[in-house]
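A short reminder: the numbers here are calculations on the coordinates, not readings from a lab. The shown structure was predicted, so the numbers you read here are calculated from the model rather than taken from an experiment. A quick note on method: Cβ atoms are made from the backbone with ideal geometry, for glycine too, and the neighbour counts reach across all protein chains shown.
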Amino acid sequence: MRYVSTRGSAPILDFEGATLAGLAADGGLYVPESWPTLSRGEIAAMAGLSYVDTAVAVMRPFLGGCLSDAELRGLCDAAYGRFSHAAVTPLVQMDAKHWLLELFHGPTLAFKDVALQLLGLLFERFLRERDTHLTVIGATSGDTGSAAIDALAGRAKVDIFMLHPLGRVSEVQRRQMTTVLSPNVHNIAIEGSFDDAQALVKAMFNDAAFARRHHLSAVNSINWARLMAQIVYYFYAAVRLGAPERKVAFSVPTGNFGDVFAGYVAARMGLPVARLIVATNVNDILHRALSTGDYSCGSVVATAAPSMDIQVSSNFERLLFDLHGRDGAALTGAMRGFEADRRLAIPEKMLAGTRDLLVSARIDADEMSQAMRWTAETSDMLIDPHTAIGLAAARAADLAPDVPVVTLATAHPAKFPDAVERATGRRPSLPQRVEGLFEREERYDTLPATLAAVEAYVSERAVAAA
Ligand SMILES: *Cc1c(COP(=O)(O)O)cnc(C)c1O
């Protein structure tokens, strides 16, 4: 399997190269040269397989021989052995039509663990044979930071520097990052906003000499291996509900379009997906883009579902690549226009072909709270604000009566206790395995929001590339 950039001019890489590169050198994102397919028979044979065996069957075609099946299984065993539920991503029935796919049983209680636990192990495996060291740099408004730190803590040949805005992440989120004391983990509180932190990360990547010296790499969802790991649970859930004989719909709380794009790939691989519902909050650029072709940035409104408070969804470019007939030059033109004008009009002709698979919905704060209350009343369960947005969209969707709908439950409710309590009157408690969080020692440094300060900090601590 070879990987090409959505902008068409970066070097073609194998799976290992695409995993270590993250972003493509031409500013695009890596995608497989073509979508592999699984036959109905191969999908039917997944019935009854464990999560790890399903993962091997689904991911194998993307590796192009970079790892043997036994090696891949070993990495999946290690990654998913750290989940607290034997099913890894259990399906929970809510009523005759609605199901939740609980993706939050990993170490940091967010679905990002599913992909990042595997990515951390892939990095270590691929770096072992190379004479290189990676410096992973990221900015976080909460969930990604803790999941990435947990995945990379203590791994050989990788340092991770995670920037968060000082005083603007919740205490649980901060402690999940700052109580990890491994020497290769470096937490930085930036005196500024999340946008300042993200701008600093971008500036470090754009400083070519600095980026080369420290072998900078990213773990955000532009990394192909992360998306690949997320395809697995679409197969796992659909097969449990009767695929390939029965079609299943999914509703996905969406921010950067990574999770729902993994569902799109599952459908392209042959999984019979009735619908993929792209659920957004009031930051609805994706809903506008998919329903009317208006892909234009507004300003971000802070909501109770912060992981969906976005302006630009980086992974949307991967869908646009397919919509442009996989023509990298044409997409480069379109994206240059978008970067200059902050808007792109997607022709109706291009969107028409997606409508039998992708639909979208915009869910406001009232609809979100209502979904939390409905769940508490009908199932005696608490769900987090992101999951509630997915469920509200699922309940509003116009689907055939015999199609089950799976809403992806992307975070544990205890990560957002205030919003859950406001909506339901009940306060979710932290699961036992993270209970000691408030007693543990924290370690982080505070820096001004200047490139010079952050680069000096990284240079002092990162291992320079050979
Ligand atoms: C990251 C995140 C999302 C959005 O996922 P994308 O892949 O960015 O679309 C939704 N919910 C939660 C809890 C998240 O952490």
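Sorted by packing (mean other beta-carbon atoms within 10 Å per residue), highest first, where do 228-234, 434-440 land? Each step should come with its number before you reach the end.
Details: 228-234: 25.9, 434-440: 12.3.
Order by mean packing, descending: 228-234, 434-440.
Building the convex hull from the alpha-carbon atoms of region 257-323 and averaging its projection over directions returns 4.8 nm². If I take R0 = 56 Å and measure r between the Cβ atoms of residue 96 and residue 205 in this structure, what FRET efficiency does the formula 1/(1 + (r/R0)^6) give, to the nearest 0.05? Between residue 96 and residue 205 the formula returns 0.70.
How much FRET efficiency would the formula 1/(1 + (r/R0)^6) give for residue 299 and residue 456, where r is the Cβ-Cβ distance and R0 is 30 Å, rounded to 0.05? List each step's numbers first, then the result.
Values: r = 32 Å, r/R0 = 1.07.
My answer for the efficiency is 0.40.
Please label the shape of the chain as rounded, prolate or oblate, based on the square roots a ≥ b ≥ c of the eigenvalues of the alpha-carbon gyration tensor (a/c under 1.5 means rounded; beyond that, a/b larger than b/c means prolate, else oblate). Note, shape of the chain comes out rounded. Only Cα sites of region 25-126 enter the Debye sum here, all with the same form factor; the resulting log10 I(q)/I(0) across q = 0.10, 0.18, 0.25 1/Å is -0.35, -1.05, -1.39, listed in q order. With a/c under 1.5 counting as rounded, go ahead and sort region 333-376 into rounded, prolate or oblate using the C-alpha gyration tensor (a ≥ b ≥ c being the square roots of the eigenvalues; past the cut-off, prolate if a/b is larger than b/c, else oblate). Oblate shape, in that a/c is at least 1.5 and b/c is the bigger or equal ratio.
Sorted from longest to shortest, the spans of the Cα atoms of region 338-466 along the three principal axes equal 60, 47, 29 Å. Our coupling estimate for region 229-246, obtained by passing each phi through the Karplus curve with A = 6.51, B = -1.76, C = 1.60 and θ = phi - 60°, is 5, 7, 5, 4, 6, 5, 5, 4, 6, 5, 5, 5, 9, x, 5, x, 5, 10 Hz, Gly and Pro reported as x. Within the chain, count lysine pairs with alpha carbon atoms under 24 angstrom apart where the residues are 8 or more positions apart or belong to different chains. Count of close lysine pairs: 5.
If the convex hull of the alpha-carbon atoms of region 300-343 is projected onto planes in all directions, what is the mean projected area in square nanometres?
On the way: hull surface 14.1 nm².
With the hull built on Cα positions only, its mean projection is 3.5 nm².
Note on region 73-140: Cα-only Rg and Dmax are 15.5, 55 Å.
Set the Cα radius of gyration of region 243-291 against 2.2 N^0.38 Å, with N its number of residues, and you get 1.20. Under 5 Å between amide hydrogens, built in the peptide plane, is the criterion, and for residue 217 it picks out 135, 136, 137 among residues at least 5 positions away or on other chains.
On alpha-carbon atoms, Rg over Rh for region 96-245 using Kirkwood Rh? Numbers along the way, then the final one.
Values: Rg = 16.9 Å, Rh = 16.6 Å.
Dividing the radius of gyration by the Kirkwood radius yields 1.02.
The packing ranking, built from the mean of other Cβ atoms within 10 Å per residue, places the peptides 47-54, 333-340, 236-243, 251-258 in the order 251-258, 236-243, 47-54, 333-340, highest first.
Taken along its principal axes, the alpha carbon cloud of region 396-466 reaches lengths of 60, 34, 24 Å, longest axis first.
Report the gain in length on full extension from residue 2 to residue 49: 0.36 nm times residue separation, minus Cα-Cα distance, nm rounded to one decimal.
Numbers: separation 47, 0.36 × 47 = 16.92 nm, distance 2.80 nm.
Value of the extension gain: 14.1 nm.
Backbone phi angles across region 391-397, fed through the Karplus curve with coefficients 6.51, -1.76 and 1.60 (θ = phi - 60°), yield HN-Hα couplings of 5, 4, 5, 5, 6, 8, 6 Hz in residue order; Gly and Pro are listed as x.
What does the highest-first list of 28-34, 59-65 look like by mean Cβ count within 10 Å? Don't skip to the end; give the middle numbers.
Values: 28-34: 19.9, 59-65: 17.3.
Result, highest mean Cβ count within 10 Å first: 28-34, 59-65.
Residue-wise HN-Hα couplings along region 323-328, as the Karplus relation 6.51 cos²θ - 1.76 cosθ + 1.60 with θ = phi - 60° gives them from phi, are 5, 8, x, 6, 9, x Hz; Gly and Pro carry x. Placing +1 on the Cβ of every Lys and Arg and -1 on the Cβ of every Asp and Glu, with no other charges, gives region 65-165 a dipole of roughly 80 debye about its Cα centre.
Starting from the Cα gyration tensor of region 91-177, take the square roots of the eigenvalues, sort them a ≥ b ≥ c, and report rounded, prolate or oblate (rounded when a/c is under 1.5, otherwise prolate if a/b is larger than b/c, else oblate). Write down the numbers at each step before the final one.
Numbers: a/c = 3.50, a/b = 1.47, b/c = 2.38.
Oblate.
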